[in-house]
1. With the requirement that a residue be more than 11 Å from I94 (Cβ to Cβ), part of a strand (DSSP E or B) and small (G, A, S), what does region 27-66 give you?
2. Check off (1) open to solvent by less than 50 Å² (accessible area, probe 1.4 Å); (2) touching a Gly at 6+ places or on another chain (Cβ under 8 Å); (3) on the phi < 0 side of the Ramachandran plot; (4) part of a loop (DSSP other than H, G, I, E, B) for G79 and give me the number that stays unchecked.
3. Would you be able to tell me the number of residues in region 1-11 that are polar (S, T, N, Q), surrounded by 12 or more Cβ atoms within 10 Å (Cβ to Cβ) and closer than 20 Å to N71 by Cα?
4. Give region 12-24 a look and list any residue that's among the small types (G, A, S) and either open to solvent by 60 Å² or more (accessible area, probe 1.4 Å) or closer than 30 Å to D155 by Cα (or both), or say none.
5. Can you tell me which of T132, T93 is exposed (fewer than 15 other Cβ atoms within 10 Å of the Cβ), free of Cβ contacts under 8 Å to residues at least 40 places away in the same chain and of a type in the set (V, I, T)?
6. Any residue at all in region 143-154 that is farther than 22 Å from A31 by Cβ and in contact (Cβ under 8 Å) with a residue 24 or more places away in the chain?
7. Filter region 109-129 for residues that are at pLDDT 90 or above and surrounded by 15 or more Cβ atoms within 10 Å (Cβ to Cβ); which is farthest from T30 (Cα to Cα)?
8. Take the residues in region 130-147 that are among the hydroxyl-bearing types (S, T, Y) and under 19 Å from T163 (Cβ atoms), then tell me which one is modelled with the highest pLDDT.
Amino acid sequence: ASWNVATRTLSTSVFKPGESYSFSADVCYTAGSATETFYLTLQYTGSDGEAHYDKIATATAVKGEWVQLANTDYTIPAGASNLQIYVETDASTIDFYVDEAIGAPRGTVIAGPSPVQFTRGDINGDGKINVTDLTLAKRILLGSLIDSSASRAADVDQNGEVTLADIIWYVKFLSGQTDSFPDPV
């Protein structure tokens with residue numbers, strides 16, 4: 001299940017309930033959909049004796065790229081015990097990598113990977129969807145340009161591969177026949 005993951009126990013002598021800390025973890029996955037939602041989660045036993053799950057940080061990752069889950073001001077609930085942190089997906093059961101899981105004093109900015117800006121259709125990342133992107137999409141379709149980030153952007157219908165249908169959507173978009181790409185498949 002999406003919540004069956006490795007956990008890291010936090011000592012309450014270091015991470016005191018009722019106090020705030022900075023938490024961060026880097027995540028990457030290489031198989032599955034083009035994007036996935038990840039959470040850095042705290043599992044703890046509340047003063048009521050029940051298990052609780054609190055989201056520390058959330059991020060949307062792009063397949064094949066590292067993303068940072070970070071919160072510089074997270075307060076561990078008062079009365080919490082049996083603290084464990086872990087990274088989980090929203091609902092997917094994909095494999096993923098976790099690196100640099102860090103807890104630090106409140107306000108500490110923990111360096112992490114730069115977020116990848118992913119815009120469907122904008123293959124060269126210049127902030128515009130134009131004939132240059134159409135040309136690059138054609139090169140990807142023909143196999144003369146191999147780049148996973150570019151291919152994700154060129155796959156405007158998000159079916160997992162660049163096909164002639166994507167090229168047709170570019171032509172419709174650039175000729176003004178439509179002002180948006182189709183909903184992801």
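The values are calculated or read from the model by the stated rules, or taken from the named source; none is laboratory data. Computed from a prediction, not measured in an experiment: that's the story for all the values here. So basically every Cβ, Gly included, is an ideal-geometry build from the backbone, and we count neighbours across all protein chains shown. Accessible surface is based on the protein model in full, side chains and every heavy atom, while ligands, DNA and RNA are left aside. Shrake-Rupley method; radii C 1.70, N 1.55, O 1.52, S 1.80 Å.
1. A51, A57, A59
2. (3)
3. Within region 1-11, residues that are polar (S, T, N, Q), surrounded by 12 or more Cβ atoms within 10 Å (Cβ to Cβ) and closer than 20 Å to N71 by Cα number 1.
4. S13
5. Being exposed (fewer than 15 other Cβ atoms within 10 Å of the Cβ), free of Cβ contacts under 8 Å to residues at least 40 places away in the same chain and of a type in the set (V, I, T) holds for just one of T132, T93, which is T132.
6. no
7. Taking the candidates together, the pick is I129.
8. By that ranking, first place goes to T135.
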